[in-house]
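Notes follow the structure.
The values are calculated or read from the model by the stated rules, or taken from the named source; none is laboratory data. All values derive from a computational prediction rather than experimental measurement. Cβ: placed from backbone, ideal geometry, glycine included. Neighbour counts: every protein chain shown. When the accessible area is computed, the model is the full protein with side chains, heavy atoms only, and any ligands, DNA or RNA have been set aside. Shrake-Rupley method; radii C 1.70, N 1.55, O 1.52, S 1.80 Å.
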Amino acid sequence: MTKPSVLIAEVERLFAERGATAYFGEPVTTAAHSLQSAALAERHGAGPALVAAALLHDIGHLLHALGEDVAEHGVDTRHEDAGADFLAAVFPPEVSEPVRLHVAAKRCLCRIEPGYFDRLSPASVRSLALQGGPMAAEEAADFLGDPYGAAAVALRRWDDDAKVPGADVPGLAYYLPLLRRLAGA
Ligand code: FE
């Protein structure tokens with residue numbers, strides 16, 4: 001059993017020690033990208049669990065700490081599963097499952113939303129191919145029927161927009177009380 005306080009301390013350590021890595025070919029660091037995702041979620045009126053999911057959606061990248069350009073080397077790190085499994089030890093599924101599904105949400109949006117693919121960044125297009133490409137129509141319909149499908153799609157949109165160099169957003173400390181509440185720490 002992971003103690004909530006221990007896991008949250010680990011999140012702080014990962015952001016501090018590994019968050020400064022470049023975010024997979026994007027113009028922001030992984031920490032900046034994560035903090036921007038959370039700020040966008042909050043600005044769009046997301047509830048606490050989805051704000052936390054947005055903040056922590058790429059924690060799997062920090063756990064792996066692979067090079068910033070893994071997708072260019074043809075490696076799919078399955079960071080969404082690593083991150084979701086890590087989070088599920090102390091957070092409710094409303095936090096962990098949108099994280100698990102945020103890559104699938106990209107594949108879903110590519111199928112259901114005209115123009116979505118064209119707005120993806122080059123790094124996102126590269127990783128899409130490794131992640132299985134756009135969903136088939138039936139797979140996309142199933143995905144939207146998942147209890148956490150809609151939350152994952154919302155998270156994905158903030159994820160896609162959270163790549164602005166130098167954006168002025170709250171730091172990790174701002175979210176710690178929210179994380180502690182959600183984890184019962
Ligand atoms: Fe992301």
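In deg cm²/dmol, rounded to 500, what helix-only [θ] at 222 nm does the chain give when every DSSP H run of at least 4 residues adds -39500 (n - 2.57) and the total is split over its residues?
Details: 11 runs with 121 residues, N = 185.
About -20000 deg cm²/dmol.
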query: Based on Cα positions only, what radius of gyration and what Dmax would you give for the stretch 4-183, in angstroms?
result: 15.0, 43
Additional length obtainable on full extension of the chain from Ser5 to Arg43, 0.36 nm per residue less Cα span: 11.0 nm
message: Defining a contact as two alpha carbons under 8 Å apart and six or more residues distant in sequence, what relative contact order in percent does the stretch 54-185 show?
response: 26
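Could you give the size of the charge dipole of the stretch 1-68 about its Cα centre, using +1 on the Cβ of each K and R and -1 on the Cβ of each D and E, expressed in debye and rounded to the nearest 20? Present the calculation step by step, with values, prior to reporting the outcome.
Working: 4 positive and 7 negative charges, 33 e Å.
Dipole of the stretch 1-68, to the nearest 20 debye: 160 debye.
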Listed residues Gly133, Gly47, Gly19, most fluctuating in the chain (Gaussian network, C-alpha, under 10 Å): Gly47
- line: For the chain, the charge dipole (Cβ of Lys, Arg +1; Cβ of Asp, Glu -1; about the Cα centre) points to a positive end, and the Cα of Ala123, His44, His102 closest to that extreme belongs to His44
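By how many nm would the segment from Glu138 to Ala20 lengthen if fully extended, with 0.36 nm per residue of separation less the alpha-carbon distance? Let's see the in-between values first.
Values: separation 118, 0.36 × 118 = 42.48 nm, distance 3.90 nm.
Here the answer is 38.6 nm.
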query: Pick from Ala31, Ala152, Ala16: which residue has the top mean-square fluctuation in a GNM of the chain where Cα pairs under 10 Å get a spring?
result: Ala16
- request: Over the chain, average the accessible area per residue using a 1.4 Å probe and give it in Å², no decimals.
  value: 45
- request: Please identify, among Asp142, Asp85, Asp159, the residue showing maximal mean-square fluctuation in a Gaussian network model of the chain using a 10 angstrom Cα cutoff.
  value: Asp142
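Treating only the Cβ atoms of Lys and Arg (+1) and Asp and Glu (-1) as charged, compute the dipole magnitude of the chain about its Cα centre; round to the nearest 20 debye.
Details: 16 positive and 25 negative charges, 75 e Å.
Dipole of the chain, to the nearest 20 debye: 360 debye.
Ignoring ligands, DNA and RNA, what percent of the accessible area of the chain is carbon or sulfur (1.4 Å)?
C and S fraction of accessible area: 56 percent.
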- line: When the charge dipole of the chain is computed with +1 on Lys and Arg Cβ and -1 on Asp and Glu Cβ about the Cα centre, the Cα farthest towards its positive end, among Ala151, Leu172, Ile112, belongs to Leu172
